[in-house]
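Undergrad: Handing you this structure, nothing more for now.
The values are calculated or read from the model by the stated rules, or taken from the named source; none is laboratory data. In this text, all values refer to a predicted model and were calculated from it rather than measured experimentally. Note that we place each Cβ from the backbone using ideal geometry, even for glycine, and neighbour counts take in every protein chain shown. Heavy atoms of the whole protein, side chains included, go into the accessibility calculation; ligands, DNA and RNA do not. Shrake-Rupley method; radii C 1.70, N 1.55, O 1.52, S 1.80 Å.
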Amino acid sequence: MTSTSKDTPESGYAVPPPNLFGVDLGLRLLLLASAVSALVVLVTSKQTESIPTSLPPPFPAFISRDAKFQHSPAFIYLLVALSVTCCYSIITMVASFAVITSPSPSPRMLFHLVLSDAVMAGVMASATGTAGSVAYLGLKGNSHVNWNKVCNVYDKFCRHVGSSAAVSLVASVLLVSLVVLSSYSLYRRCR
């Protein structure tokens, strides 16, 4: 096997692939920050409103109704996905920090990161899409099936849920970026 002058320096030893785990660690720290902030915003989404009724006088004219994230399976799914993403980012940050000190990480470690990052990206993307669709229905409603919009009544709740879905989208994009970075590192290592 012949080597080119680009791959082999004057000393005759091959140039090791670049260690991009510093960038990896930074992205995982951003992932943790975005997942925790989305989780906190989602958990604090609760609003109570008095809604007028059209019942005759012996019944109350207003009833008090709560809007909580626990009332929707889509928001519970987002909560679980964000919790798992928080734990996952902490575990993989520790692994990335341990790999930073080594001059060249093992291909097996990189392959496991690619697979686990891809699975987490899929979970976060599906949870974000599910919560985003329910939030959109709350914002706009659906006239075809006679679902009324609720964000005109529960404005604070809708802002919290929408913000949580938007920050969850950032976490999904960060996970896709981590898949690309780990795949590139694996490619450079095995080349």
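Undergrad: Considering only the stretch 92-102, I want to know if a residue exists there that is within 18 Å of A171 (Cα to Cα), without any contact (Cβ under 8 Å) to a residue 40 or more places away in the chain, within 16 Å of the chain's Cα centre (by Cα) and assigned to a helix (DSSP H, G or I).
TA: No, the stretch 92-102 has no match at all.
Undergrad: Considering the stretch 37-50 alone, what residues qualify as being open to solvent by 50 Å² or more (accessible area, probe 1.4 Å) and not polar (S, T, N, Q)?
TA: Within the stretch 37-50, V40, V43, K46, E49 meet the criteria.
Undergrad: If you don't mind, another one. Any chance you could count how many residues in the stretch 134-191 are small (G, A, S), farther than 19 Å from I76 by Cβ and in a helix (DSSP H, G or I)?
TA: Qualifying residue count, the stretch 134-191: 4.
Rundown of residues vs (1) open to solvent by less than 50 Å² (accessible area, probe 1.4 Å); (2) free of Cβ contacts under 8 Å to residues at least 12 places away in the same chain; (3) of a type in the set (G, A, S); (4) more than 18 Å from G26 (Cα to Cα), yes/no style:
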{"residue": "P105", "(1), (2), (3), (4)": "yes, no, no, no"}
{"residue": "V119", "(1), (2), (3), (4)": "no, yes, no, yes"}
{"residue": "A131", "(1), (2), (3), (4)": "yes, no, yes, yes"}
{"residue": "G141", "(1), (2), (3), (4)": "yes, yes, yes, yes"}
{"residue": "W147", "(1), (2), (3), (4)": "no, yes, no, yes"}
{"residue": "C158", "(1), (2), (3), (4)": "yes, no, no, yes"}
{"residue": "A171", "(1), (2), (3), (4)": "yes, no, yes, no"}
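Undergrad: Going by the conditions given, is S64 surrounded by fewer than 12 Cβ atoms within 10 Å (Cβ to Cβ) and assigned to a loop (DSSP other than H, G, I, E, B)? Spell out how you get there, then give the answer.
TA: Numbers: surrounded by fewer than 12 Cβ atoms within 10 Å (Cβ to Cβ): yes; assigned to a loop (DSSP other than H, G, I, E, B): no.
For S64, the condition - surrounded by fewer than 12 Cβ atoms within 10 Å (Cβ to Cβ) and assigned to a loop (DSSP other than H, G, I, E, B) - is not met.
Undergrad: Out of L115, L79, L137, I need the residue that is in contact with a strand residue (DSSP E or B) (Cβ under 8 Å, 6 or more places away or on another chain) and at pLDDT 90 or above. Which one? If you could, list the steps in order and put the result at the bottom.
TA: Details: L115 fails: in contact with a strand residue (DSSP E or B) (Cβ under 8 Å, 6 or more places away or on another chain); L79 fails: in contact with a strand residue (DSSP E or B) (Cβ under 8 Å, 6 or more places away or on another chain).
On inspection, the qualifying residue turns out to be L137.
Undergrad: Please specify each residue of the stretch 98-129 satisfying the condition of being touching a Phe, Trp or Tyr at 6+ places or on another chain (Cβ under 8 Å) and over 30 Å from S72 (Cβ atoms).
TA: V99, I100, P105
Undergrad: Now a separate question. How do the pairs read when you match residues in the stretch 25-47 that are outside any helix (DSSP H, G or I) with residues anywhere that are open to solvent by 50 Å² or more (accessible area, probe 1.4 Å), using Cβ under 6 Å and keeping only pairs 6 or more apart or on different chains?
TA: K46/K68; Q47/K156
Undergrad: Now for a separate question. One residue is enough: does the stretch 68-77 have a residue meeting the conditions within 26 Å of V41 (Cβ to Cβ), of a type in the set (K, R), free of Cβ contacts under 8 Å to residues at least 12 places away in the same chain and open to solvent by 20 Å² or more (accessible area, probe 1.4 Å)? Break it down into steps so the answer makes sense when it comes.
TA: At the first step, the residues of the stretch 68-77 found to be within 26 Å of V41 (Cβ to Cβ) are 68-77.
Of the ones still in play, those that are also of a type in the set (K, R) are 68.
In the following step, the residues that additionally are free of Cβ contacts under 8 Å to residues at least 12 places away in the same chain were identified as none.
Within the stretch 68-77 (the criterion being within 26 Å of V41 (Cβ to Cβ), of a type in the set (K, R), free of Cβ contacts under 8 Å to residues at least 12 places away in the same chain and open to solvent by 20 Å² or more (accessible area, probe 1.4 Å)), the answer is no, since none of the residues qualifies.
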